[in-house]
Amino acid sequence: MNTRGRLWVLIGPPAIVLLAFFVLPMINMGSFSLRQGSFGAARQLWTIEHYRAFAANEAFQRLLLRSTWLALATSLLTVILAYPVAYHLAFKAGGRRMTLMMLLLVPAWTSFLLRILAWKLILGSEGLFSVALQALGLMQEPRPILLYTPTAVVVALVYSWLPFVALPIFAALQRIDVRLLEAAADLGCPPWRAFVRVTLPLSVPGVAAGFFFVFIPTLGEWVTPALVGGADGVMYGNIIQDQFARALNWPMGSLMSLVMLAAMLGLLGLLVGLARLLRLDLEVV
Amino acid sequence: MSGLAVELVGLTKTFGGAKGDEVNVAAVRGVDLGIQAGEFFTLLGPSGCGKTTTLRLIAGFETPTAGEVLIEGRPMSQVPAHRRPVNMVFQNYALFPHLTVAENVAFGPRVRGMARAERDRRVQEALELVRLPDVGRRKPAQLSGGQQQRVALARALINEPAVLLLDEPLGALDLKLRKRMQVELKHLQQEVGITFVYVTHDQEEALAMSDRIAVMNDGMVLQVGTPVEVYERPATRFVADFIGETNFLPAQVALREGDGLWLTLEGGRLLARQPAEALQQGQAVTLALRPEKIDLAPSNAGGLGGVVQEVVYIGTDTRFVVRLASGAQVVARLQNIGERGLGEFGVGDAVTLLCAPADVHVLNN
Ligand SMILES: Nc1ncnc2c1ncn2[C@@H]1O[C@H](COP(=O)(O)OP(=O)(O)OP(=O)(O)O)[C@@H](O)[C@H]1O
Ligand SMILES: [Mg+2]
């Protein structure tokens, strides 16, 4: 078989999968967002009325903005918390690395729903914080702590993503040749400076992978807010789900999904650009 | 002493053994060395003899188990690696993959806070010094092995260290490039006048480049001397064997004659120059003879006789393996000049081994 033929054998199957499960649904959603209704005759009518409605609906936009902030906060927090964990595993754990890695990963093997529900208990009125505060005399009667707030959503999400972010950062850190750190010391860097100038830049691929791994699904998240977010913790994903499942307004749902996708791509572009700019020259370190 | 760039006093490093480790490796064992300022000093020894560990102890990447490192007379036990006035060229170069060549070279000056304009000028100078003026904007991965090696050198030299530590810097290069870089490195060292502590396991390289060589084995320094000293007057059998090819023959001290000493072996006798240490008559010793210093003559010449067993043509020389009466084999090399060497003796010929007294080296057992 010639090179071109082999190439097609290699990229053929994934190309077909992508076409069937990504490209076609996207086209479908795009076309749905331009229909008047979900069923029957309305489904055959083309209109841009939903675009007008979305543009006029400030509540939707506010929610998208807030969800974006929430997703950003969640990803940043997860990365910040996961980095020391990964760093310890890569450079300091020594012989205990396997054990610690298991301790990190095993909880993640239980169902996602269970882990979120566990937080519902922990933050609830019979939960750890409530009981502790009562025992300390700081609170008189049982009351949920943080439960049904956006903070609870962030806490629960950060908790469930942490191992999945620690792993790519660990992988990136582990690939760093320790001789590079010795070279940095040799050239006059105290340990913190070697970290900033060598370790950190070389771990950027892992950090970026972890960040996007959290950011992308969190922006569209609707299960966690539904369980621990309460009225204030509603996210954009929840109203998309409402459009499909309750309002049965599939065109609006499709449109909102597309807007979210566009917002996500725009933001990612912005972040990548920012990272490039930052990497250009950090004259201070 | 003020002339010493580096002084090692009873330097010892044992790995493991910290928390019930089964293995306990004594990598460096009581090394005493004084390295002069401006010297090209080489640590030479077989793989695993502790060369890298010694270098890392000087650089401060390892803490000595016992003993001390002094640099320019200052004890280094309390000085961390990043404050020591030395720089290292790593065996695998250890260039920063995320930085360009120029940024790599600028790393040291930048850490020390040198102003940008001055820094840029110095970087260009350093790259010119290693004859790579045009690759500053490339990433290390876009350079050949030899070029990377030079960048590593520039990155270290730009800091004008008191001592430059080089760990087999030419190890990854092919033979031709290696030879060329040896010459370049030597010239560079003379040009910048920095003390070089150079690690290699290649004896030819050590002989060609060094002012002095320390021959190491098993964590210990066996002999320190100029290339001529360690080659011509090896202190131990190991040194004689490791540097160049050597024939070892058991012999007995017979009698003194002037400043010479007659030694008897099975199959004849040889005259050696009187060694420095006093030897008893009848004492068993080992003779060390370099193949290229042995001449062959037809068997009627007297002295030490044997029979040619093997003749191998190796271009510049012909290599003869001669079997002595004792059964011991001696290798002799004759240069292929005119009638000498090739074709002069054949397998089965009886020959006499001739060796000038100064070239018969007596090792006390
Ligand atoms: N970090 C370490 N932990 C345990 N043992 C070590 C460590 N580093 C070196 N050793 C051991 O110490 C001894 C000396 O090693 P070293 O690297 O100094 O040898 P070397 O002379 O540089 O050899 P080579 O020519 O192969 O590079 C070896 O037996 C090695 O296995
Ligand atoms: Mg080594």
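The values are calculated or read from the model by the stated rules, or taken from the named source; none is laboratory data. Because the structure is a prediction, the values reported are computed rather than measured. Heads up, the Cβs are rebuilt from the backbone with ideal geometry, glycines too, and the neighbour counts pull from every protein chain shown. Side chains included, ligands, DNA and RNA excluded: accessible areas come from the protein's heavy atoms. Shrake-Rupley method; radii C 1.70, N 1.55, O 1.52, S 1.80 Å.
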Only helices at least 24 Å long along their own axis, judged from Cα atoms, and with Kyte-Doolittle mean hydropathy of -1.0 or greater: name those in chain B from DSSP H.
B:175-192
Dipole in debye (nearest 20) - the range A:135-285, about Cα centre, beta carbon charges: Lys, Arg +1; Asp, Glu -1:
160 debye
In the protein assembly as shown, taking the dipole from +1 charges on Lys and Arg beta carbons and -1 charges on Asp and Glu beta carbons about the Cα centre, the listed residue (A:Ala53, A:Ala166, A:Ile176) farthest towards the positive end is A:Ala53
Surface share of carbon and sulfur [accessible, 1.4 angstrom probe, percent] for the range A:100-214:
74 percent
Förster-model FRET efficiency, 41 Å R0, B:Ala117 and A:Phe164, C-beta, rounded to 0.05
0.30
Using a probe of 1.4 angstrom, how much of the accessible area of the range A:1-80 is carbon and sulfur, in percent?
73 percent
Can you bin the range A:1-130 into rounded, prolate or oblate? Criterion: square roots of the alpha carbon gyration tensor eigenvalues sorted a ≥ b ≥ c, rounded for a/c under 1.5, prolate for a/b above b/c, oblate for the rest.
oblate
For the range A:80-133 and the range B:210-243, what is the centre-to-centre distance using only Cα atoms, to the nearest Å?
59 Å
Quick one, could you list the DSSP H helices from chain A stretching 15 Å or more along their long axis (Cα atoms) with average Kyte-Doolittle hydropathy of 0.5 or above?
A:3-18, A:58-87, A:112-123, A:150-174, A:200-219, A:250-280
Let me know the mean shielding of B:90-98 by other chains, meaning the per-residue number of their Cβ atoms within 10 Å of its Cβ.
5
Tell me what chain B gives for mean residue ellipticity at 222 nm when only DSSP H runs of n ≥ 4 count, each as -39,500 (n - 2.57), the sum divided by the residue total, rounded to 500 deg cm²/dmol.
-7000 deg cm²/dmol
Summing Lys, Arg as +1 and Asp, Glu as -1, what charge do residues with Cβ under 11 Å from the Cβ of A:Arg179 carry, A:Arg179 excluded?
-3
What figure in square angstrom, to the nearest 10, would you give for the accessible area of A:Arg35 with a 1.4 Å probe?
40 Å²
Note, B:Gly303: beta-carbon cut-off 15 Å, +1 each Lys/Arg, -1 each Asp/Glu, net -2
Which is farthest toward the positive dipole end of the protein assembly as shown among A:Pro225, B:Ile243, B:Leu153, measuring Cα position about the Cα centre, with Cβ charges +1 (Lys, Arg) and -1 (Asp, Glu)?
A:Pro225
Average other protein chain Cβ within 10 Å of Cβ, residues B:80-89
4
Sum of -39500 (n - 2.57) over DSSP H runs of 4+, divided by residues of chain A (222 nm, nearest 500)
-22000 deg cm²/dmol
When the Karplus curve 6.51 cos²θ - 1.76 cosθ + 1.60 is applied with θ = phi - 60°, which whole-Hz ³J(HN,Hα) does each residue of the range B:210-216 get, with x for Gly and Pro?
7, 7, 9, 10, 10, 8, 10
Rounded to the nearest 5, what % of the DSSP beta bridges within chain B are antiparallel ones?
80 percent
So in the protein assembly as shown, what percent of DSSP beta bridges are antiparallel if you round to the nearest 5?
80 percent
Among A:Pro168, A:Pro13, A:Pro251, which one shows the highest mean-square fluctuation when chain A is modelled as a Gaussian network with alpha-carbon springs under 10 Å?
A:Pro13
Whether the range B:74-224 is rounded, prolate or oblate, judged on the alpha carbon gyration tensor where a/c under 1.5 counts as rounded
oblate
For chain A, rounded, prolate or oblate, judged on the Cα gyration tensor with a ≥ b ≥ c (square roots of eigenvalues), a/c < 1.5 rounded, else prolate if a/b > b/c?
oblate
Can you give the local net charge around B:Phe320? Use residues other than it whose beta-carbon is closer than 12 angstrom to its beta-carbon, Lys and Arg +1, Asp and Glu -1.
-2
Please give the peptides B:189-199, A:23-33, B:138-148 ranked by average Cβ packing (other Cβ atoms within 10 Å per residue), highest first, as a rough proxy for protection.
B:189-199, B:138-148, A:23-33
Report the residue, chosen from A:Ile240, A:Ile176, A:Ile48, that carries the largest GNM mean-square fluctuation when chain A is represented by alpha-carbon nodes joined by springs under 10 Å.
A:Ile48
Place +1 on the Cβ of every Lys and Arg and -1 on the Cβ of every Asp and Glu in chain B, take the dipole about the Cα centre, and give the residue among B:Gln78, B:Val347, B:Gly219 whose Cα lies farthest towards its positive end.
B:Gln78
Taking all protein chains as present, what is the carbon and sulfur share of the accessible area of the range B:73-228, in % to the nearest whole number, probe 1.4 Å?
49 percent
In terms of modelled amide H atoms, which long-range or inter-chain residues lie less than 5 Å from the amide H of B:Arg138?
B:Val101, B:Ala102
For B:Thr286 and B:Thr226, extending 7 Å from Cα along the Cα-Cβ vector and measuring point to point gives, in nm, a value of 2.7 nm
Might you tell me the accessible area per residue for the protein assembly as shown, computed with a 1.4 Å probe and given in Å²?
50 Å²
Area hidden from solvent between B and A (accessible, protein heavy atoms only, 1.4 Å, total, Å²):
2100 Å²
Put A:Trp250, A:Trp192 in order of accessible area, largest first, 1.4 Å probe: what do you get?
A:Trp192, A:Trp250
I'd like the Karplus ³J(HN,Hα) series for the range A:221-226: coefficients 6.51, -1.76, 1.60, θ = phi - 60°, whole numbers in Hz, and an x wherever there's a Gly or Pro.
5, 9, 5, 4, x, 5
Using mean Cβ contacts within 10 Å as the protection proxy, how do B:169-175, B:261-267, A:107-113 order, highest first?
B:261-267, B:169-175, A:107-113
